[in-house]
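The values are calculated or read from the model by the stated rules, or taken from the named source; none is laboratory data. Note that the structure is predicted; figures quoted are calculated from it, not measured. All Cβ positions, even for glycine, are placed from backbone atoms using ideal geometry, and neighbour counts span all protein chains on display. Keep in mind that these areas ignore ligands, DNA and RNA; they rest on the heavy atoms of the full protein, side chains included. Shrake-Rupley method; radii C 1.70, N 1.55, O 1.52, S 1.80 Å.
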Amino acid sequence: MSHIPIDKGGPLTPHQDLHSEQGPLRGEHPGRARNPVIKVADLAWLEFEKPDLDRAEVFARDFGFAIAARTEHELWLRGTFAGSPCMVIRRGHASRFLGPAFRAAERTDVDRLAAAVGNTVRDIDVPGGGRSVALFDPSGLPVRVVHCAEPLPALPGQQPLVLNTGIEGRRTNTTQRPPREPSRIQRLGHVVLETRTFTHTLDWYLDTLGMIVSDFLFLDGQRRRGPTMAFIRCDQGSTPVDHHTLALHLGPGTGYVHSAYQVTDLDAIAAGGEYLAERGYRRSWGIGRHIQGSQLFDYWRDPDRFMLEHFADGDLFSCDLEPGWAPMSASGLAQWGPPVTRDFLGASPSPSKLREVMRALRDDNELDPARLLGLMKAMSS
Ligand SMILES: [Fe+2]
């Protein structure tokens, strides 16, 4: 049984039966810090650099983003929900991920964090204005914590379909005709990052940003060496939040793996996927339903090979649940769906990938031959 409520006197929650890995063993990572500097409320947006903003905008519209602002040098993308934009793409020489920006719960949290790390707070050029403090996580990835002065107002959204379930006829005398159009993105859900310094980097997000772990994965036969992946949520007390806003895993690389954007329901994922396929975009993996987080998922590659996910119906957890523990395996990534692809796993060998692995094994970090072998075994089991 996993995710035992922190308050052991409370009743069992329904999801304990649906998600049946073990909880922690004595002395294992508790998955949260006792006294974090602040507690971020959510991911705000992700920052990218790309040479061709026109091409980026075409994909963004096809994938289902709305345009929050566009200049010669910047493209701000958003979903239909009120709040901050969910992505900024700046014109640059290379196509690369710059880093995530997390949303501070309070304006004063930005000041508190800046004081704690000895940085200055700066105004940022986000639509609506805001303030930011710039940090680096232990992987060397730039991380911002931001507070937006004026959240963007909501846009008209895509309505979920009215479904006849067999026991309840909610739709009578009318047909079901989901339009084949881009799924309309509602909001940014999560980002997944790879790191060679997993434990160190995980602890930084817990200690500095007050995030808490929903699920740990460990390498089969190496549990005593600690976890190698964590699904991490924001701590908003009794308010339920996404099962993961950030996921970190040990690997030879550093940085972006994928990011996920919520759409309204399964038909929005499927019809939006047909729309993308018709335009020649490449599906990486989907459609299926995950185990950790339970999301309905569909993964796509943008024209620069960045992986982006449409998701719907993810788990929402309050702060009251302890982390679950499970062995890492490719077959454990989904409850149903097509077999996981090599593209999704990043398992296609290439000279640059091989160089990355060799460098990671040579340098001082948490990856060693036993763990690399464990990761390779997990990806094929
Ligand atoms: Fe995901």
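Among the residues of segment 322-339, write down those that are crowded, with 18+ Cβ neighbours inside 10 Å and either touching a residue at least 60 places away in the same chain (Cβ under 8 Å) or more than 30 Å from residue 240 (Cα to Cα) (or both).
Passing the criteria: 322, 323, 324, 325, 326, 328.
Taking the residues in segment 45-87 that are touching a Lys or Arg at 6+ places or on another chain (Cβ under 7 Å) and among the polar types (S, T, N, Q) as candidates, determine which candidate is least open to solvent (accessible area, probe 1.4 Å).
Looking at the filtered set, the residue picked out is 80.
If a residue must be of a type outside the set (A, V, I, L, M, F, W, C), under 25 Å from residue 292 (Cα atoms) and either surrounded by 15 or more Cβ atoms within 10 Å (Cβ to Cβ) or under 21 Å from the mean Cα position of the chain (by Cα) (or both), how many such residues does segment 340-381 contain?
Result for segment 340-381: 8.
Among the residues of segment 88-108, which ones are open to solvent by 10 Å² or more (accessible area, probe 1.4 Å) and not in a loop (DSSP other than H, G, I, E, B)?
90, 91, 96, 97, 98, 103, 107, 108
Within the set of pairs 6 or more residues apart or between chains, which connect a residue that is within 16 Å of residue 277 (Cβ to Cβ) and away from the ligand (no atom under 11 Å from the Cβ) inside segment 296-313 to a residue that is at pLDDT below 95 and open to solvent by 10 Å² or more (accessible area, probe 1.4 Å) with Cβ atoms less than 9 Å apart?
301/343
Hey, among 24, 5, 14, which residue is more than 30 Å from residue 109 (Cα to Cα), at pLDDT below 95 and surrounded by 13 or more Cβ atoms within 10 Å (Cβ to Cβ)?
Going through 24, 5, 14 in turn, just one is more than 30 Å from residue 109 (Cα to Cα), at pLDDT below 95 and surrounded by 13 or more Cβ atoms within 10 Å (Cβ to Cβ): 24.
Just name the residue that is farthest from the ligand (Cβ to nearest atom) out of those in segment 177-229 that are in a helix (DSSP H, G or I) and among the charged types (D, E, K, R).
Once the filter is applied, the top-ranked residue is 224.
Go over the candidates 269, 232 one by one and state the one that is open to solvent by less than 10 Å² (accessible area, probe 1.4 Å), within 16 Å of the ligand (Cβ to nearest atom) and either over 13 Å from residue 31 (Cβ atoms) or not hydrophobic (A, V, I, L, M, F, W, C) (or both).
Just one listed residue meets the conditions, 269.
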